[in-house]
Every structure is written in structure tokens, then in C-alpha cells.
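Readers should treat all values here as calculations from the given coordinates under stated rules, not as data from a laboratory. Computed from a predicted structure; not experimentally measured. Every residue, glycine among them, receives a Cβ derived from its backbone with ideal geometry; neighbour counts consider all protein chains shown.
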Amino acid sequence: MGGRRTRVAAATLAELPDAWANAWPTLEAAADRSGSVTFAELARGSAEWAAALWRHGFGPGSRVVLWGANSATWLVRAFGVWRAGCTLVPLSTFVTGRELQEILGSAQPDLLLMDRRVGEKDLAAPLRDAVLPPSLQRIVVDDCTGMGDAQGAHEFLAAARGSEWRENLARPEAVAAILYTSGTTGLPKGVRLQHRAVLSTVGPTVVRGGLRPGDRVLSTLPLFWVAGLCIRALPTLASGAALVLIDAFTVEKLLAALRRWAPTGLHLRPPQVAALLAHPDFDGRLLQGVRRGGGRKEWYRGHLDRARLITGYGMTEMSGYVAALSWRDPDEVRAHSLGKLLPGVEVRIVGEDGQECRPGDVGEIRVRGPGLFDGYEGQPPRTALDSSGFFCTGDLGVIDSQGDLHFVGRSKDLLRCKGVN
């Protein structure tokens, strides 16, 4: 491959771009249909965004909503937000008008940084009917035509031209991101994740994923979800590998990306795999180079028999994986288990009586560890935690005699933790 394995140490997400650029300056970091950026370009681009944010008055304490499609630009902007010491609030491109209103009202952002379009969808449309929070000082968009006081991204960046950004305004204990979970069963919940919590899951995921510098991983997981950001994007980059992104999934775009980028890693969702294999233009030779990635190789019906994919059990409230397989695990373990706990993670399997189950018995999974979230935005401290500080997941599972975690399903009658269902 194109570079050496290097363990990059960092106390905050803001430190990563420069550290990666020092380790692998000329290797690709991210790619999309418009091209690719190297790790050196990721560092320079994120520094430019950090400088622009600072020049416009955004820094520690500021909240920046990032609303856009998967792209190299999304990653450059996200790292710019972190380098300026701001809190990132990734916004799903799938949100309804109601959810948009609720999330903006909850997050109270200072800046909205957005793409104008995702596929055929005009993101400006739902904004026209939204009541914007009084905290919002500015909207920055790549195409601000017809958007009133919104500012163009190029104009916003012009404030930083000619300046060098060498600051690190983030702190390990600061909230790096507020990720909003689905609001299908109620209001969207803003999960607060500290820099140190996210980094605690990235390193172990790198080790278990088995990627090498110079690998290319094609992922369709949205960057605004914990799976796309903390489980796939950050560990991929921290391995010295390139993340290949598709802005809005179609099988045709996936086929085009496979042909263009010849990935050595792949991370798709099961319905996307099924659609790919069923497409008349699919050719199994497109997957010949894939040896790593996420999911289960059984989904690919013989096309990835030599690949070593990993999967695991994770959640937003734990900044990513709680347990995960390793690429080194034997096939018999990989076929049925979700792997062993990440370092420092504790799990209790609890019965309906609230007591810890005997080994091998099924019960509710409760977790705590270095990746544990810093609470829900606007909710009382320790919401959804039990008296010992374990997060009550509402999931049923069991840990086998080898220490591997198995997911059984959702509890029909969720156990109450601190008065919260």
C-alpha cells in the first residue's frame, strides 16, 4: 500500500488533520464524484474553514449546524468547525419540516452551514417555512440564490485568505458534536458527545478494522449519523485509508463509484447490497479487490468470500461501537457474534427484576465506558442512566462464555431507568 502504519495520538478531534497530514501527506483522505483530497489538503482546507469561522466571530461555545450530503467537503468543514473550537451539529438530509424545526429549536445554533441541493432535493425549501431560532446569526450555503440574507460559502471563506491557522481551540472535555437521533417515537434527542469520548472508540475500531494506509473504503453510511461518522469515517481516516463517498444513494451511483475508485473496503447497508446484486449492470469483478469493510460477507452471496468484514453493536450514546468483531476473528465467530467489548467498556445484562443476570441468560443490555455521552441536550443530567451510571439501552442480549456479545432484540417492556422509559 501507499504508506506506513502509524498510530496517531490526539486529545481532540481538532488535532487529527495535522497529525494525519504529517503521517500520510500525499495519500488520499476522501473522495467523491468531484474528485479526491489528500490528507495534506484536508488539513489545509479545514484550517481555512477554522480561520474563516474565527474571523466571523465563531469559536468555543458556538454551535454550527452542518447540513449536507456525504462529500469530501463535508469532512473538511467538520474538521474546520472542530479546529475553531465550535460544537458540530450534523443535520440529517432526511429530516422532515417538523423535525428541522424541532432540531433547530433544541440546538439553538449560531451558524447554519449547508449545501443547497442533495440529489434532486432543494434543502432551502423547508427553511422557507421554518421559524428560525433567535440564536442563528448567519446561514452559509454553496448557492445562496433566492435565499435572502444567506451568504455564499466562497464569500464566507474569503475572510480567511492569506492567514495561517495553527490554533487548537478544542478541549478534550468539550462537546465535539450533538447528534440528533430519530424522532419517530417522539421528539428528536440531541446526544452530546465529548472529544475524548469519540476518540475513545476510534482507536479500538481502527485496530479491529484491519485497514492499511492507502486502502480505499467506499461507504454509503450518512456522515450525520454515528455509524457514518464515528464507526466508519473517523476510523477509516485514522488508518491512513481513503473514504469514498456517495452524495445520495442510487445503485447507478454505487456502480459508478466502484468502477472509478476500485475500493479495497466496502460498507453498505443490507438493502443496498441486495439492490446492487440485483442490478443488471452488476459485475462481480467490481468487488474482487474488496478485503475489508463493514457488515457481513454473507450479504454478498459469495462475492466477498475472501473479505474480512467487521460488524458490532453500537449506539450514538456510546460514541460508536460498544462491542465489535475483529478482522482476525475466525469465521465461526464472525457468523454469529457481535464481538468483544471495546477497551474500558462495561456491560451488564439485567433481568426484569433489575438484577444482573446469570452468565448466559438473556436480559437488557446496559453499558458504560469512556465513550458514554454527556447527556441529552435540554434534558436533566443522568437521563436514561441507572443508579450505577449505566446507560439503559432497551436492547436484549447475552454475553457468551468467550466474552462475545450477542444481540437478541428489543425489549417489549422497556425497563425504567431514572424514571425514563
Next on the checklist: For the chain, take every pair of Cα atoms, bin their distances at 10 Å starting from 0, and report each bin as a whole percent.
Outcome noted: 5, 22, 32, 27, 13, 2, 0
Checklist entry - Stretched out fully, how many nm does the piece from residue 400 to residue 34 gain, at 0.36 nm a residue minus the Cα gap? => result 127.1 nm
Item to check | Estimated FRET transfer efficiency when R0 is 35 angstrom, pair residue 171-residue 382 (beta carbons, to 0.05) | outcome: 0.95
Checklist entry - If each residue's Cβ is checked for other Cβ atoms within 10 Å, how do 94, 79, 407 rank with the fewest at the top? => result 94, 407, 79
Next on the checklist: At 7 Å along Cα-to-Cβ for each site, give me the label-to-label distance between residue 11 and residue 353 in nm.
Outcome noted: 4.8
Checklist entry - Out of the DSSP beta bridges found with both residues in the chain, what percent are antiparallel (nearest 5)? => result 55
Checklist outcome for this item: When 99, 164 are ranked with the fewest other C-beta atoms within 10 Å first, the list becomes 164, 99
Checklist entry - How do 304, 286 rank when sorted from fewest to most other Cβ atoms within 10 Å of their own Cβ? => result 286, 304
Next on the checklist: For region 312-410, what are Rg and Dmax over the alpha carbons, in angstrom?
Outcome noted: 13.6, 44
Checklist outcome for this item: Scoring only Lys, Arg, Asp and Glu (+1, +1, -1, -1) among other residues with Cβ under 10 Å from the Cβ of residue 147 yields 0
Checklist entry - Between residue 260 and residue 362, what length in nm is gained on full extension when 0.36 nm per residue of separation is reduced by their alpha carbon distance? => result 32.1 nm
Checklist entry - Starting at 0 and stepping by 5 Å, how many percent of the alpha carbon pairs of region 197-318 end up in each bin? => result 2, 11, 24, 26, 20, 11, 5, 1, 0
Next on the checklist: Could you work out [θ]222 nm for the chain from helices alone, using -39500 (n - 2.57) per DSSP H run of at least four and dividing by all its residues? Round to the nearest 500 deg cm²/dmol.
Outcome noted: -7000 deg cm²/dmol
Checklist entry - Under a GNM of the chain (C-alpha, springs under 10 Å), which listed residue has the highest mean-square fluctuation: 121, 340, 189? => result 121
Checklist entry - In a GNM of the chain with a 10 Å cut-off on Cα contacts, which of 28, 332, 41 has the highest mean-square fluctuation? => result 332
Item to check | Max mean-square fluctuation residue, GNM over the chain, Cα-Cα springs under 10 Å, options 129, 142, 110 | outcome: 129
Item to check | Listed pairs 189/340; 121/340; 297/340; 253/340 exceeding 30 Å between Cα atoms | outcome: 121/340; 253/340
Checklist outcome for this item: Each label sits 7 Å from Cα toward the beta-carbon; between residue 155 and residue 22 the label points are separated, in nm, by 3.9
Next on the checklist: If I take all pairs of Cα atoms in region 151-249, what percentage of them are more than 23 Å from each other?
Outcome noted: 47
Checklist entry - With no solvent and one point on each alpha carbon, what is the Debye value of log10 I(q)/I(0) for region 13-197 at q = 0.15 Å⁻¹? => result -0.89
Checklist outcome for this item: Scoring only Lys, Arg, Asp and Glu (+1, +1, -1, -1) among other residues with Cβ under 13 Å from the Cβ of residue 194 yields 0
